[in-house]
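Worksheet: the structure to be examined is printed underneath.
The values are calculated or read from the model by the stated rules, or taken from the named source; none is laboratory data. All values reported here derive from a predicted model rather than from experimental measurement. Here Cβ is always computed from backbone atoms with ideal geometry, including for glycine, and neighbour counts include all displayed protein chains.
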Amino acid sequence: MMPEMDGLEVVKKLRNKGSLTPVIFLTARDTVADRVKGLDTGANDYLVKPFSFDELTARIRAMTRTAAGNPTNSYTLADLTLDTETHIVIRAGREIVLTTREYSLLEYLLRNKNKILSRQKTEDNVWSYDYEGGTNVVDVYINYLRKKIDEGHEQKLIHTVRGFGYCMRVEL
């Protein structure tokens with residue numbers, strides 16, 4: 001019921017272009033035929049209005065796990081575990097208390113473990129769009145994380161890749 005083209009048409013176009021972007025229909029169309037048509041068109045999920053915000057966020061978490069190839073709510077690297085549902089971070093059996101921004105940065109790094117992430121890409125994904133940038137904020141927060149995550153451990157998990165950015169990985 002959007003202007004110009006409906007949601008079904010949008011999803012058809014996305015899928016025809018090869019896009020794997022997860023899609024949840026949030027709609028007042030509540031018949032079984034509507035739901036079947038939405039899912040058959042290429043939506044990953046279908047939620048009828050009115051809906052519970054808690055249910056929507058749970059469905060988004062489930063879809064994110066599936067899209068990321070991670071079947072659980074947690075991300076692990078060596079002896080470090082981050083639980084996206086409880087926001088608990090544990091390294092070597094010890095809970096680590098992080099600020100909201102530190103947690104967001106660590107989650108982004110872990111979701112992309114073994115990938116080199118530029119400062120700009122990291123800034124774009126962890127800081128809000130109204131953040132102007134232009135400072136060394138990513139470097140500062142990486143140092144905060146290193147103190148909390150890597151300090152005191154022989155195996156370092158956060159690595160600088162000179163000229164490119166940062167990477168979370170286990171070095172052999």
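Data overview
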{"read-out": "Positions within region 2-48 being touching a residue at least 24 places away in the same chain (Cβ under 8 Å) and at positive phi, in sequence order", "value": "Gly42"}
{"read-out": "Qualifying residue in region 49-59 (condition: under 14 Å from the mean Cα position of the chain (by Cα) and farther than 30 Å from Ile149 by Cβ)", "value": "yes"}
{"read-out": "The lone exception for Lys156 - which of (1) assigned to a loop (DSSP other than H, G, I, E, B); (2) modelled with pLDDT under 95 it fails", "value": "(2)"}
{"read-out": "Residue within region 21-33 that is among the polar types (S, T, N, Q), assigned by TED's automatic domain parsing to the domain that holds Asn143 and modelled with pLDDT of 90 or more present", "value": "no"}
{"read-out": "Hits in region 1-43 - residues which are under 20 Å from Arg59 (Cα atoms), among the polar types (S, T, N, Q) and in a helix (DSSP H, G or I)", "value": "Thr41"}
{"read-out": "Answer residue from region 82-107, given it is surrounded by fewer than 17 Cβ atoms within 10 Å (Cβ to Cβ) and within 20 Å of Arg61 (Cα to Cα) and is nearest to the chain's Cα centre (by Cα) among those", "value": "Ser104"}
{"read-out": "Selection count where residues are in contact with an Asp or Glu (Cβ under 7 Å, 6 or more places away or on another chain) and either of a type outside the set (A, V, I, L, M) or farther than 16 Å from Lys147 by Cα (or both), scope region 76-118", "value": "4"}
{"read-out": "Residue that is in contact with a helix residue (DSSP H, G or I) (Cβ under 6 Å, 6 or more places away or on another chain), over 30 Å from Glu151 (Cβ atoms) and modelled with pLDDT of 85 or more, where the choices are Gly42, Gly38, Gly7", "value": "Gly42"}
{"read-out": "Qualifying positions in region 136-153 - acidic (Asp, Glu) and not in a helix (DSSP H, G or I)", "value": "Glu151"}
{"read-out": "From the options Val97, Val48, Val89, residue that is more than 30 Å from Leu157 (Cα to Cα), β-branched (Val, Ile, Thr) and modelled with pLDDT of 90 or more", "value": "Val48"}
{"read-out": "Those residues of region 82-131 which are in contact with a Ser or Thr (Cβ under 6 Å, 6 or more places away or on another chain) and either in the same structural domain as Arg61 (by TED's automatic domain parsing) or in contact (Cβ under 8 Å) with a residue 24 or more places away in the chain (or both), in sequence order", "value": "Val126"}
